[in-house]
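The structure appears right after this line, and notes come after that.
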Amino acid sequence: MRQLENLYRQIIMDHYKKPRNKGLLDDARYKKEHIKNPSCGDDVTIQTFVEDGIVKDIRHDGTGCSICCSSASVLSTRLKNLPVTEALKISENYINMITNKPYDETIELEDAQAYEGIKDFPARTKCATIAWKAFENTVK
Ligand code: ZN
């Protein structure tokens, strides 16, 4: 279990230090959603480009704690190039996991699985879900 926790911490720090798909684009085809979490200073913007029902691109930018910033990077890699319906299903499942609700363990979360332990720290729940909620708002 210790090894798994270390692996999860490594995944989170890797996305925090080397965020994927970071930086917003000046492109009207993208839908933008900005959310703030005043309790810890997280400030995230997600930009999504959907074409023919497929999430073709996800961009993110913002400032905040390592949990928040890294999870925006993780979601951009996990949900990119998926049909909107599937991306939403994965996102809802992830948020259910983080908020300690029943969730489908057979849905492959990949790097997003690393945040599972957050459910034991309710004060950090918002940090881990803010980017995902912003993403959902761009495609709903
Ligand atoms: Zn935070």
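The values are calculated or read from the model by the stated rules, or taken from the named source; none is laboratory data. Note that the coordinates shown come from a computational prediction; the quantities given were computed from them, not determined experimentally. Here Cβ is always computed from backbone atoms with ideal geometry, including for glycine, and neighbour counts include all displayed protein chains. Accessible surface areas use protein heavy atoms only, side chains included; no ligands, DNA or RNA. Shrake-Rupley method; radii C 1.70, N 1.55, O 1.52, S 1.80 Å.
In the range 119-138, what count of residues is obtained for those that are part of a helix (DSSP H, G or I) and either closer than 14 Å to Ser39 by Cβ or touching a Leu at 6+ places or on another chain (Cβ under 7 Å) (or both)? Steps first, please.
Taking the range 119-138 as the starting set, the residues that turn out to be part of a helix (DSSP H, G or I) are 119-120, 122-138.
From the residues that got through so far, the ones that are either closer than 14 Å to Ser39 by Cβ or touching a Leu at 6+ places or on another chain (Cβ under 7 Å) (or both) too are 122-132, 135-136.
The total comes to 13.
Looking at the structure I just gave you, is Asn137 more than 25 Å from Gly23 (Cβ to Cβ) and away from the ligand (no atom under 16 Å from the Cβ)?
Working: more than 25 Å from Gly23 (Cβ to Cβ): no; away from the ligand (no atom under 16 Å from the Cβ): yes.
No, not satisfied.
Kindly establish whether Asn6 is at pLDDT below 95, out of contact with any Pro (no Cβ under 6 Å at 6 or more places or on another chain) and within 16 Å of the ligand (Cβ to nearest atom).
On the way: at pLDDT below 95: yes; out of contact with any Pro (no Cβ under 6 Å at 6 or more places or on another chain): yes; within 16 Å of the ligand (Cβ to nearest atom): no.
Considered against the rule, which asks whether it is at pLDDT below 95, out of contact with any Pro (no Cβ under 6 Å at 6 or more places or on another chain) and within 16 Å of the ligand (Cβ to nearest atom), Asn6 comes out as no.
Yes/no per residue for (1) over 12 Å from the mean Cα position of the chain (by Cα); (2) open to solvent by less than 50 Å² (accessible area, probe 1.4 Å):
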residue: Glu51; (1), (2): yes, no
residue: Asp57; (1), (2): yes, yes
residue: Cys65; (1), (2): yes, yes
residue: Thr77; (1), (2): no, no
residue: Leu88; (1), (2): no, yes
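Looking at the range 116-131 only, could you name the residues that are closer than 18 Å to Ile11 by Cβ and within 13 Å of the ligand (Cβ to nearest atom)? Break it down stepwise before answering.
Taking the range 116-131 first, the residues closer than 18 Å to Ile11 by Cβ are 116-121, 124, 127-129, 131.
Listed by number, the residues that qualify are Ile118, Phe121, Arg124, Cys127, Ala128, Thr129, Ala131.
For the range 85-92, indicate whether the set of residues that are touching a Lys or Arg at 6+ places or on another chain (Cβ under 8 Å), closer than 20 Å to His34 by Cβ and within 16 Å of the ligand (Cβ to nearest atom) is non-empty. Walk me through it before giving the result.
The initial filter retains those residues of the range 85-92 that are touching a Lys or Arg at 6+ places or on another chain (Cβ under 8 Å), namely 88, 90.
Adding the requirement that they be closer than 20 Å to His34 by Cβ leaves 88.
Then keep just the ones that are within 16 Å of the ligand (Cβ to nearest atom); that gives none.
Within the range 85-92 (the criterion being touching a Lys or Arg at 6+ places or on another chain (Cβ under 8 Å), closer than 20 Å to His34 by Cβ and within 16 Å of the ligand (Cβ to nearest atom)), the answer is no, since none of the residues qualifies.
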